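J.: Here it is: the structure, laid out below.
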Amino acid sequence: MKPIRVILLPGAVLPADEAYGPLIEALGPDVQAVAKDLELYADDEPPPGWSLDTEIDGVLREADALGWETFHLLGYSGGGAAALAFAAKHPDRLLSLALLEPAWAGNWDWSPAHTELWKHYERLETLPPEQFMPAFMRLGVRHDVVLPPPPPGPPPPWMAKRPAGIKAFLRTFKSYHLDRARLAAFQPPVFFALGGLSNPDDYGEIAARLARVFFPDFHLEVFPKRHHFDPPHRIEPKRLAELLRRHWEQAETG
């Protein structure tokens with residue numbers, strides 16, 4: 001049996017290898033998992049004109065370099081938004097789609113609570129650097145979740161790029177056209193992992209809205225004790241790996 005081939009896109013904070021190391025180990029040797037860093041962080045500043053299409057082009061280059069005509073695609077947070085955009089534009093290249101709390105899923109049919117939440121996201125750009133990341137993280141979880149303090153010592157060098165990268169995501173989400181009709185026509189299976197402690201007006205709303213797009217094969221899996229900043233691919237990799245393997249195997253057997 002051929003190895004399962006999957007490209008993993010990280011979120012806007014951790015590099016791909018750090019984000020997905022535990023999950024790749026749990027998936028085992030018969031899953032050929034490639035953790036691909038975002039094009040957003042190829043240089044010290046976001047590339048001029050960067051958008052989700054830049055990330056789509058990067059996934060296409062990666063797959064072509066690997067010789068993969070078709071493959072599975074998984075994305076978390078900002079990488080999940082890029083994975084959705086890829087599915088809308090290149091459905092013929094995908095065997096399945098897996099979404100781990102995508103940061104955004106189009107600008108249609110927002111609930112009033114989701115609309116209000118995005119007003120707070122837009123205000124992040126006005127904050128000074130030392131307030132930006134704590135405020136960003138606070139928006140992603142339920143109001144009663146206690147977030148851990150930053151780890152001791154100086155931050156890793158790559159962390160300096162992250163505020164500008166997150167702001168680039170927030171800007172492109174305002175204008176990017178995610179084609180709802182193309183998503184509704186997407187035939188391969190779609191898996192969505194949701195943290196029970198994540199902000200329900202954010203990721204819970206996105207899960208419900210994508211389910212209403214009427215993907216022919218949409219599966220929602222809730223991780224009750226997880227939230228956006230202690231996600232299952234890092235904290236419960238074995239359980240997530242079992243679910244993903246089942247998802248991918250069913251996609252490949254039709």
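J.: Under a Cβ-Cβ cut-off of 14 Å, what is the net charge of the residues other than Val213 that fall near it, where Lys and Arg count +1 and Asp and Glu count -1?
T.: Cβ neighbours under 14 Å give a net charge of 0.
J.: In deg cm²/dmol, rounded to 500, what helix-only [θ] at 222 nm does the chain give when every DSSP H run of at least 4 residues adds -39500 (n - 2.57) and the total is split over its residues?
T.: -13000 deg cm²/dmol
J.: Taking amide hydrogens as modeled 1.01 Å from N in the peptide plane, which residues meet the under 5 Å criterion relative to Leu95, leaving out close sequence neighbours?
T.: Phe71, His72, Leu73
J.: With a/c under 1.5 counting as rounded, go ahead and sort the range 72-117 into rounded, prolate or oblate using the C-alpha gyration tensor (a ≥ b ≥ c being the square roots of the eigenvalues; past the cut-off, prolate if a/b is larger than b/c, else oblate).
T.: The shape class here is prolate.
J.: Would you mind counting up the charge near Gly79? Only other residues with Cβ under 9 Å from its Cβ, with Lys and Arg at +1 and Asp and Glu at -1.
T.: Summing Lys/Arg as +1 and Asp/Glu as -1 gives 0.
J.: Separate question: Note down the net charge around Asp57, summing +1 for each Lys or Arg and -1 for each Asp or Glu among other residues with Cβ under 11 Å from its Cβ.
T.: Net local charge, Asp57 excluded: -3.
J.: I've got another one for you. I'd like the projected area of the range 178-254, averaged over all directions, using the convex hull of its alpha carbons. Report it in nm² with one decimal.
T.: If you wrap the Cα atoms of the range 178-254 in a convex hull and average its projections, you get 5.4 nm².
J.: At 1.4 Å probe radius, can you tell me the per residue accessible area of the chain in Å²?
T.: With all protein chains present, the chain gives 46 Å² per residue.
J.: Could you work out the relative contact order of the range 78-200? I mean the mean sequence separation of Cα pairs under 8 Å and 6+ apart, divided by the number of residues, in percent.
T.: Relative CO of the range 78-200 lands at 48 percent.
J.: Report relative contact order for the chain in percent, whole number only (criteria: Cα-Cα under 8 Å, sequence separation at least 6).
T.: Relative contact order of the chain: 24 percent.
J.: Can you send over the carbon and sulfur percentage of the accessible area for the chain, probe radius 1.4 Å, protein chains only?
T.: After summing per-atom areas, the C and S share lands at 56 percent.
J.: Near Lys167, which lysines are there with a Cα under 27 Å away, not counting those fewer than 8 places off in the same chain?
T.: Straight-distance partners of Lys167: Lys36, Lys89, Lys119.
The values are calculated or read from the model by the stated rules, or taken from the named source; none is laboratory data. Quick caveat: nothing in here was measured; it's all calculated off a predicted structure. Please note: Cβ atoms are built from the backbone with ideal geometry, for glycine as well, and neighbour counts cover all protein chains shown. Calculation scope for accessible area: heavy atoms of the full protein, side chains included, ligands and nucleic acids excluded. Shrake-Rupley method; radii C 1.70, N 1.55, O 1.52, S 1.80 Å.
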